[in-house]
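I have placed the structure first, in the form of structure tokens, so that the comments after it can refer back to it.
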Amino acid sequence: MLKAIQSKKLHAGDGGFAIVASRYNGRYVDAMVEAATAELKRAGAKAVKVIRVPGAFEIPVVATRLARVASAHGSPLGAIICLGVILRGETVHAAHIGEAVSRALMRIQMRYELPVIHEVLLLENEDQARARCLDPKRNRGREAAQTALAMARVMAALD
């Protein structure tokens, strides 16, 4: 059962945040971007950079570039939030995309020791997309931002 997202009082700290979001299935992803951005701003994030890419498969290359640049320049990037919606069709194509994106995002965060929040949703149908993206009480963009804020704080405490 899909649970409502609890409101949390998190503070953004000094780092900025990046959101990499697909344009594909825009109705759903746009709602997640809005919710994530609002949550980060509510927490006092000094900078939120939103980068849009054509589809979910393109998210990892942009996340890699952001992580590499932040690492090379010592810029205070607290986390990268990745948002997308993949809807299953009649073939296994969606599953292949979902798996490739998942593996790539995991490798990025391990390589650069930078939280990469994975909310590229692989869903069965539009009913699931509406429930997870358009319902303000269950918006996964908001949840992704909360995770990014929490992980930025954890990582800062380890320095």
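The values are calculated or read from the model by the stated rules, or taken from the named source; none is laboratory data. What you see is a predicted model, and the numbers here were worked out from it, not measured in a lab. All Cβ positions, even for glycine, are placed from backbone atoms using ideal geometry, and neighbour counts span all protein chains on display. Just the protein is used for accessible areas: all its heavy atoms, side chains included, with ligands, DNA and RNA removed. Shrake-Rupley method; radii C 1.70, N 1.55, O 1.52, S 1.80 Å.
Among residues of the range 34-49 being among the aliphatic types (A, V, I, L, M) and in contact with a helix residue (DSSP H, G or I) (Cβ under 6 Å, 6 or more places away or on another chain), the one that is farthest from Asp159 (Cα to Cα) is Ala35. For Arg88, the conditions (1) surrounded by 15 or more Cβ atoms within 10 Å (Cβ to Cβ); (2) within 15 Å of the chain's Cα centre (by Cα); (3) of a type in the set (D, E, K, R) all hold with the exception of (2). Checked against (1) open to solvent by 10 Å² or more (accessible area, probe 1.4 Å); (2) in a strand (DSSP E or B), Leu66 meets all criteria but (2). A single member of Arg132, Arg107 is open to solvent by 40 Å² or more (accessible area, probe 1.4 Å), touching a Lys or Arg at 6+ places or on another chain (Cβ under 7 Å) and part of a helix (DSSP H, G or I), and it is Arg132. When we screen Leu77, Leu83 for residues that are in contact with a helix residue (DSSP H, G or I) (Cβ under 8 Å, 6 or more places away or on another chain) and either over 20 Å from Arg153 (Cα atoms) or of a type in the set (Asp, Glu) (or both), the only hit is Leu83. In this structure, Ser75 does not qualify as outside any loop (DSSP other than H, G, I, E, B) and at pLDDT below 95. Looking only at residues of the range 1-24 that are at pLDDT 95 or above and not small (Gly, Ala, Ser), we find that the one that is nearest to Ala148 (Cα to Cα) is Phe17.
Inspection of the range 31-43 identifies no residue that is part of a helix (DSSP H, G or I), modelled with pLDDT under 95 and among the hydroxyl-bearing types (Ser, Thr, Tyr).
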